[in-house]
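Student: Okay, handing you the structure first.
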Amino acid sequence: MLTVNEKKWMLRGCRVSAEEVTAAAKRLGISMSAARLLAVRGLVEHTEVQDYFTSSLEALHAPELLKDMDNACRILLAAVQSGDEIAVFGDYDADGITSTSIMSLVLKRLSACARYYIPSRNSEGYGLNNQAVRKLAADGVKILLTLDNGIAAFDQVRLAKKLGLTVIIADHHEVPFDILAEGSVYKVPPADAVINPKQRDCPYPFKSICAGMLAYKMAERLYQLAGLNFASDQLEYLVFAAIATVCDIMDLTDENRELVKYALAHMAETPNLGLRALLEVNGLEPSHLNTSHIGFTLGPCINASGRLENAALAVELFLAEDYEHALEIARHLCELNVRRKNLSSEGVTKIRAEIEAKGYAESKVIVVHEPELTESVAGIVAGRIKEIYNRPTFVLAGDKDQVKGSGRSVEGFNMFKALVECADLLDMFGGHFMATGLTIQRGRIDELRRRLNENCHMETADMLPVTYIDLVMPVERALASMGFAQFIADMAPFGHGNPAPLFGDRDLTVRRIQLLGKDRQIIRFYFANRQGQGLVSAISFRCLDEFRELVLGVGGEDMWQRLLKGQPTNLSLDIVYTIEINEFQGSKSVQLQIKDLRLHKRR
């Protein structure tokens, strides 16, 4: 298990010289600290900074730049005219659900004869499958549109074509390839149209978009080609695309950042009854949302339907035309999410016990099978195990001969490529650099584990997490500047590709701590003010267990109790923190949130 002593903290590098940062600060009329935060993100020139802080949908790329976009849209519009039935085949995660919802709304507004189909996670698994293809063909479907899946469905697309279906693939996952002596050969299924920005011959300028964004682009192009006013429905589709972008952990750069920023600013205006209901039952104020609300509250509720029941339930929510019905579904999704949390927690406990018992923690790549684990939470459990041990992790579930699972990776380990190299052992797999899904015969798991570790050329030391600190800043100084805190707030939305700025301070004497929240899992630290002016505070939502373990290791239970009572100790910490603005009863204050900590070692 990863310990505080194994952590790497590094000051984020800046390709811009100190002189250029100083010049930029003067030119932009901002502090040196603010100028460095921008400089490490490559933002120095006035126009670059202006674009970064200005949200404009004009920065979104034209949908027709996507290879096969116009071809796909013309196929769909022809089907609308002829009355041929269209089936939207989605996926059971938040990206698949929201993209399916977008296209279902679009096709309904085009008066198309259409239905949606999302496979059962437990009985069908991820992606297009032969059973579903045969059923849809038998039901009279003529056009099959896959969203968030399909790019690796070679046999299924061949079957669909054999049965007379026209197939459109809209997927953002990695394009499959064969590794040959002369190099990698990329290949796509024989569909009538394949929309995927990762195709080598696709001219689309930004490759890191999700299926929700692809559905949004398709909606825009369909409206254009049909001569309809896209602006009238744009916001509804745009908000769903933003939710998909955040939940699928896409880079918040380029057009993704513009879209998410605009969506957050206009979320309160969404006309979608289902989304409004989901916000209400979660107690979220639409006008005060950030990416954390999407990623850690809305996303898990949406995902819970596909994990424990059927993702079609979430699509039904977003297509609801009656608010009371929408509220009923939204409440049920929240209940499912609570159950999902409990299952995930139990799963992590079981998997950790298995890892420790069999010594898998010493492996470069962790591959663990738990027959009693519910496959629907394998991805969540894999993500948590990856965080605990900081190793690429594959978690397999089920007690049948064929088992399914998910993988979650660390920076530097291409999980999809690793599975390509073991493709002969797998029944099915798909995904991308950091996350994958797979199906394998139970008897091949040990061989998969052996080969993944044998093929992994990373050293375990290379897998240790690195926390990059933007600036070293005393906590007293950070708390004293509301203007600087507002500057940071204006840099949002934060997420993958545009992380919240991190600050570091060292040798902070802990005077006392306070445990907060219903479950007393939130910890507020009170540090001695270096200027001798009382105490300064910071809060942490995730460091309690780690901090308690650190304290017990240094001074035992006695020190822990002394800290709780505010009695003197010699405990000193180094911390990594973010700067936020806390609003309470109409009053604003600067708040520091601790993201990581370690024992200060005196030199």
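The values are calculated or read from the model by the stated rules, or taken from the named source; none is laboratory data. What you see is a predicted model, and the numbers here were worked out from it, not measured in a lab. So basically every Cβ, Gly included, is an ideal-geometry build from the backbone, and we count neighbours across all protein chains shown. What goes into the accessible areas is simple: the full protein's heavy atoms, side chains included, and nothing from ligands, DNA or RNA. Shrake-Rupley method; radii C 1.70, N 1.55, O 1.52, S 1.80 Å.
Student: Evaluate the following for residue 70: is it touching a residue at least 12 places away in the same chain (Cβ under 8 Å), out of contact with any strand residue (DSSP E or B) (no Cβ under 7 Å at 6 or more places or on another chain), crowded, with 21+ Cβ neighbours inside 10 Å and not hydrophobic (A, V, I, L, M, F, W, C)?
Tutor: The answer is no for residue 70.
Student: Tally up the residues in segment 315-360 that are surrounded by fewer than 17 Cβ atoms within 10 Å (Cβ to Cβ) and aromatic (Phe, Trp, Tyr), please.
Tutor: Total satisfying the criteria: 1.
Student: Within segment 191-199, does at least one residue satisfy the condition of being closer than 30 Å to residue 58 by Cβ, out of contact with any Asp or Glu (no Cβ under 7 Å at 6 or more places or on another chain), open to solvent by less than 10 Å² (accessible area, probe 1.4 Å) and not polar (S, T, N, Q)?
Tutor: Checking segment 191-199: at least one residue is closer than 30 Å to residue 58 by Cβ, out of contact with any Asp or Glu (no Cβ under 7 Å at 6 or more places or on another chain), open to solvent by less than 10 Å² (accessible area, probe 1.4 Å) and not polar (S, T, N, Q).
Student: I would also like to ask the following. Any chance you could count how many residues in segment 42-73 are part of a loop (DSSP other than H, G, I, E, B), in contact with a helix residue (DSSP H, G or I) (Cβ under 8 Å, 6 or more places away or on another chain) and within 27 Å of residue 213 (Cβ to Cβ)?
Tutor: 7
Student: With the checklist (1) over 27 Å from residue 490 (Cα atoms); (2) open to solvent by 40 Å² or more (accessible area, probe 1.4 Å); (3) at pLDDT 95 or above in hand, flag the one item residue 309 doesn't pass.
Tutor: Unmet condition: (3).
Student: In segment 569-601, which residue that is in a loop (DSSP other than H, G, I, E, B) and within 20 Å of residue 513 (Cβ to Cβ) is most open to solvent (accessible area, probe 1.4 Å)?
Tutor: So, considering only residues that are in a loop (DSSP other than H, G, I, E, B) and within 20 Å of residue 513 (Cβ to Cβ), the one most open to solvent (accessible area, probe 1.4 Å) is 570.
Student: Scan (1) open to solvent by less than 40 Å² (accessible area, probe 1.4 Å); (2) without any contact (Cβ under 8 Å) to a residue 40 or more places away in the chain; (3) among the aromatic types (Phe, Trp, Tyr) for the single condition residue 240 breaks and write down its number.
Tutor: (2)
Student: Kindly establish whether residue 376 is within 16 Å of residue 438 (Cβ to Cβ) and at pLDDT below 90.
Tutor: When the stated conditions are applied, residue 376 passes them.
Student: While we're here: Could you check how many residues of segment 392-407 are under 20 Å from residue 171 (Cβ atoms) and open to solvent by 10 Å² or more (accessible area, probe 1.4 Å)?
Tutor: 2
Student: Could I ask something else about it? Determine the pairs where a residue that is closer than 12 Å to residue 97 by Cβ and of a type in the set (Ser, Thr, Tyr), located within segment 289-311, has a partner that is open to solvent by less than 20 Å² (accessible area, probe 1.4 Å) and assigned to a helix (DSSP H, G or I) with Cβ atoms under 7 Å apart, the partner being 6 or more residues away or on another chain.
Tutor: 305/314; 305/333; 305/336
Student: Return the residues of segment 548-568 that are part of a helix (DSSP H, G or I) and open to solvent by less than 40 Å² (accessible area, probe 1.4 Å); say none if nothing qualifies. Spell out the reasoning first.
Tutor: Taking segment 548-568 and keeping what is part of a helix (DSSP H, G or I), we get 548-565.
Answer for segment 548-568, where residues must be part of a helix (DSSP H, G or I) and open to solvent by less than 40 Å² (accessible area, probe 1.4 Å): 550, 551, 555, 556, 559, 560, 563.
Student: Among the residues of segment 116-154, count how many are among the charged types (D, E, K, R), at pLDDT 95 or above and open to solvent by 10 Å² or more (accessible area, probe 1.4 Å).
Tutor: 4
Student: When you go through 305, 287, 292 one by one, which is the residue that is over 20 Å from residue 147 (Cβ atoms), of a type outside the set (A, V, I, L, M) and within 20 Å of the chain's Cα centre (by Cα)?
Tutor: Values: 305 fails: over 20 Å from residue 147 (Cβ atoms); 287 fails: within 20 Å of the chain's Cα centre (by Cα).
Residue meeting the stated conditions: 292.
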